[in-house]
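Q: Just passing along the structure, written as structure tokens.
The values are calculated or read from the model by the stated rules, or taken from the named source; none is laboratory data. The structure displayed is predicted, hence computed values, not measured ones. Cβ sites come from the backbone with ideal geometry, for glycine too, and all protein chains shown count toward neighbours.
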Amino acid sequence: MWLKNLSITNFRNIAEAQIELSEGINAFVGENGMGKTNVLDAIYYLSFCKSQSGAPDAYVIRHDADFFAIQGEYVSTEKGNMSEHILCSLKRGGRKRVKRGAKFYNKLSEHIGAVPLVMISPADADLVSEGGDARRRFMNSVISQYDAAYLASAMRYERALKQRNTLLRESSEPDEAIMDVLEDMMSADAQVICDARRAYAEGFAPIFRELYSQISGRDAELAQVEYSIQTQPSDLREKLRTMRERERIVGHTLYGPHRDDLLLTLDGYAIKREGSQGQIKTFFVSMKLSQFLFLKRTIAGRIPILLLDDIFDKLDAGRVERIIRLVTQSEFGQIFITDTNRGHLDTILAASAQGYRLFNVADGILNGCE
């Protein structure tokens, strides 16, 4: 599936934009703060019904506007080049609406996976530098696109977790019957969540090791990603029951898949502590590109859309060249790239045998250029 045309109204700093896109590479050049990332965020929104930055929906409405709307016409190559229209819109103070074809979704979660997509941006440095939340979101973002049962379990678990935490913080003793029900629900969903994450990590890890080696150009470096389960799902129900008093003191749930993590190491040492700036960036870029390849191989016959937002900064020329060589291979489908450096984009476009379109972005205005 690829995005044939895109219409944006009142989204962040973009008042109005309508662009026809290439099935191959679409490149956006401009200074920082001009709106390049906002274009990619609009495309991300059409896949995930939310901003890639995690900003509340009301914050992405353009200043002084009453609504935003993003529309995309997609072509399903796996369905005989059939066209499909997707609309996301929100009125200020209203409810977000997402429509696919002629039908509005009752549950936005039903749309996840309809347009598989992976986005790489400088914010992905959080995968290495920050705590486990970023890495759990990393796992969730890809597994949810091919495993509806995982997404349903993750959402139920999160709701039960919030309810349990609320009860733990109350001044009076929580109702034991309610706590029992919540903990039973969490334990059942934890099994689904952990099983799916374990299977994902086992399939993802060898792809990542190979890709890191290709991009770094250093076969001797051993980069590894390993799933770490804090509490086995089979033990969770009993753990939650026995730890209630302690968790009442701290005011939140200490055990469960919301505390699981990915261990990131280079030559056996934590990349966060031991890696150079170039190694750290190579690590998280390799993680996201591996996420793309894993998703492509998991959802056979469908190539995800790839968004690359200003990823070449702080990488040496050799790593930039190897990434360009990689993403211009036939294994990648439609690609969207932003950069402040026109030279990077010209190099990518020259290296690719695919068709392309190049746009200049200034103050939220998009213009095609040669």
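Q: Would you check if there is a residue in the stretch 38-59 being buried (at least 19 other Cβ atoms within 10 Å of the Cβ), in a helix (DSSP H, G or I) and among the β-branched types (Val, Ile, Thr)?
A: There is at least one residue in the stretch 38-59 that is buried (at least 19 other Cβ atoms within 10 Å of the Cβ), in a helix (DSSP H, G or I) and among the β-branched types (Val, Ile, Thr).
Q: Which number in (1) within 25 Å of residue 118 (Cβ to Cβ); (2) surrounded by fewer than 16 Cβ atoms within 10 Å (Cβ to Cβ) marks the one condition that residue 249 misses?
A: (1)
Q: Among the residues of the stretch 329-348, what is the count of those that are assigned to a loop (DSSP other than H, G, I, E, B) and farther than 21 Å from residue 4 by Cβ?
A: Total satisfying the criteria: 4.
Q: A further question follows. Does at least one position in the stretch 318-341 carry a residue that is of a type in the set (S, T, N, Q) and closer than 26 Å to residue 227 by Cα?
A: no
Q: Follow-up question, since we're still on this one. Restricting to the stretch 4-31, name every residue that is outside any strand (DSSP E or B) and touching a helix residue (DSSP H, G or I) at 6+ places or on another chain (Cβ under 8 Å).
A: 12, 13, 30 - these are the residues of the stretch 4-31 that are outside any strand (DSSP E or B) and touching a helix residue (DSSP H, G or I) at 6+ places or on another chain (Cβ under 8 Å).
Q: Another question about this same structure. From the set of residues in the stretch 322-349 that are under 24 Å from residue 216 (Cβ atoms) and small (Gly, Ala, Ser), which is nearest to the chain's Cα centre (by Cα)?
A: Ranking the qualifying residues of the stretch 322-349, first place goes to 330.
For every residue, the table says whether it meets (1) surrounded by fewer than 17 Cβ atoms within 10 Å (Cβ to Cβ); (2) β-branched (Val, Ile, Thr); (3) without any contact (Cβ under 8 Å) to a residue 12 or more places away in the chain.
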{"residue": "172", "(1), (2), (3)": "yes, no, yes"}
{"residue": "175", "(1), (2), (3)": "yes, no, yes"}
{"residue": "181", "(1), (2), (3)": "yes, yes, yes"}
{"residue": "193", "(1), (2), (3)": "no, yes, no"}
{"residue": "212", "(1), (2), (3)": "no, no, no"}
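Q: Also, I was wondering about something else. Taking the residues in the stretch 98-112 that are within 22 Å of residue 77 (Cβ to Cβ) and in contact with a helix residue (DSSP H, G or I) (Cβ under 7 Å, 6 or more places away or on another chain) as candidates, determine which candidate is surrounded by the most Cβ atoms within 10 Å (Cβ to Cβ).
A: Per the stated criteria, the residue is 112.
Q: While we're looking at this one, here's another question. For residue 78, all conditions in the list (1) in contact with a Gly (Cβ under 6 Å, 6 or more places away or on another chain); (2) outside any strand (DSSP E or B); (3) at pLDDT 95 or above hold save one; what is the number of the exception?
A: (3)
Q: Considering each of 261, 267 in turn, give the residue that is touching a residue at least 24 places away in the same chain (Cβ under 8 Å) and over 30 Å from residue 162 (Cβ atoms).
A: Of 261, 267, the one residue that is touching a residue at least 24 places away in the same chain (Cβ under 8 Å) and over 30 Å from residue 162 (Cβ atoms) is 267.
Q: Quickly run through the stretch 103-128 and pick out the residues that are polar (S, T, N, Q), farther than 22 Å from residue 335 by Cα and either assigned by TED's automatic domain parsing to the domain that holds residue 189 or outside any helix (DSSP H, G or I) (or both).
A: Scanning the stretch 103-128 gives a single hit, 106.
Q: Separate question: What residue, of 54, 24, is touching a residue at least 60 places away in the same chain (Cβ under 8 Å) and either in the same structural domain as residue 349 (by TED's automatic domain parsing) or within 15 Å of residue 311 (Cα to Cα) (or both)?
A: Exactly one residue qualifies, and that residue is 24.
Q: Looking at 315, 293 in this structure, which one is assigned by TED's automatic domain parsing to the domain that holds residue 144, farther than 15 Å from residue 26 by Cα and within 23 Å of the chain's Cα centre (by Cα)?
A: Unique residue meeting the criteria: 293.
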